[in-house]
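Undergrad: Encoded as structure tokens, here's the structure I'll be asking about.
The values are calculated or read from the model by the stated rules, or taken from the named source; none is laboratory data. Every value quoted in this text rests on a predicted model; they were computed, and no experiment measured them. FYI the Cβ positions are ideal-geometry reconstructions off the backbone, even for glycines, and counts take in every protein chain you see. In case anyone asks, the SASA skips ligands and DNA or RNA and just uses the protein heavy atoms, side chains included. Shrake-Rupley method; radii C 1.70, N 1.55, O 1.52, S 1.80 Å.
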Amino acid sequence: MRSRHNTISAVFDGVWLALVSNLLLVAGCLPLVVLALTTEAARAWPLYALVAPTCAPALCGVFALMSAYSDGTGTGVLRTFGRAWRASARPATCWAAVATAILVVLGVDAYAVWGHRAGALTLPILAVLTVLTAATGLLGLVAIAARPAARLRDVARACGYLAVRRWYLSAASLLVLALLTQLFVARPAIALGVAAAPLLYVVWANSRFSLRPALDPPTTAPQIT
């Protein structure tokens, strides 16, 4: 009977965490959500690039909630999220701004060579760099959520190395994010109200496993301290 009660309690705790995480994520990413619902990405992509980094602290807060839930060390959903948001606000925003700027440059370069003879050589290189930047940026947010005081140079070195070393997990996380994006485009309410937290949990779990050599020494991989 006690085991059944614990199972039911764990299920309710998980559902509650997912719902609150979705709500906090929407609140933290409200400018981007409003922009996405009211404008076309093809026309307003510069605005997306400017606003996107502001969502990074909220993502770090959600990742911190997932870490606390997984470890059983949470001290309250709002308190955990607020503490992680404050601690990661500056480094996460800077990290996301740099990653977004690199992605914009790569996208502009790809558009410039599209349809030209040089594109046959440069487009595959640009595509690889884009995927690597996105994977490193995602790992970096999970790393900052776990180590908000870490130097971004150490984060970049470790995450770039591990994104390539655990490429299959990086690819899986990016595919999950692509799925969440497509769901948001088709059904925004379902994506933000229901699916965001479970899908982001998969992303966090993959990324946390990839980062284990850097976050849990000893190891030969670059460290995040």
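Undergrad: So if I restrict to the alpha-carbon atoms in region 68-193, what is the Rg, and what is Dmax, the biggest pairwise distance, in Å?
TA: In Å, with Rg to one decimal and Dmax whole: 17.2, 58.
Undergrad: Give me the 1.4 Å probe accessible area per residue for region 102-225, excluding ligands and nucleic acids, in Å².
TA: 55
Undergrad: Then there's this: What part of the accessible area of the chain, given as a whole %, is carbon or sulfur when the probe is 1.4 angstrom?
TA: Whole-percent figure for carbon plus sulfur exposure: 70.
Undergrad: Given points 7 Å out from each Cα along the Cα-Cβ axis, report the Arg79 to Val128 separation in nanometres with one decimal.
TA: So the label points at Arg79 and Val128 sit 4.9 nm apart.
Undergrad: Can you sort Phe209, Phe184, Phe63, Phe12 by solvent-accessible area, 1.4 Å probe, largest first?
TA: Result, largest first: Phe12, Phe209, Phe184, Phe63.
Undergrad: For the chain, modelled as a GNM with alpha-carbon contacts under 10 angstrom, which of Trp204, Trp167, Trp114 fluctuates the most?
TA: Trp114
Undergrad: How far, in degrees from 0 to 90, does helix 77-113 lean away from the longest principal axis of the Cα atoms of the chain, to the nearest 10?
TA: It is inclined by approximately 20 degrees.
Undergrad: Tell me the per residue accessible area of region 50-96 using a 1.4 Å probe; a whole number in Å² is fine.
TA: Spelled out: the 1.4 Å probe surface of region 50-96, per residue, equals 47 Å².
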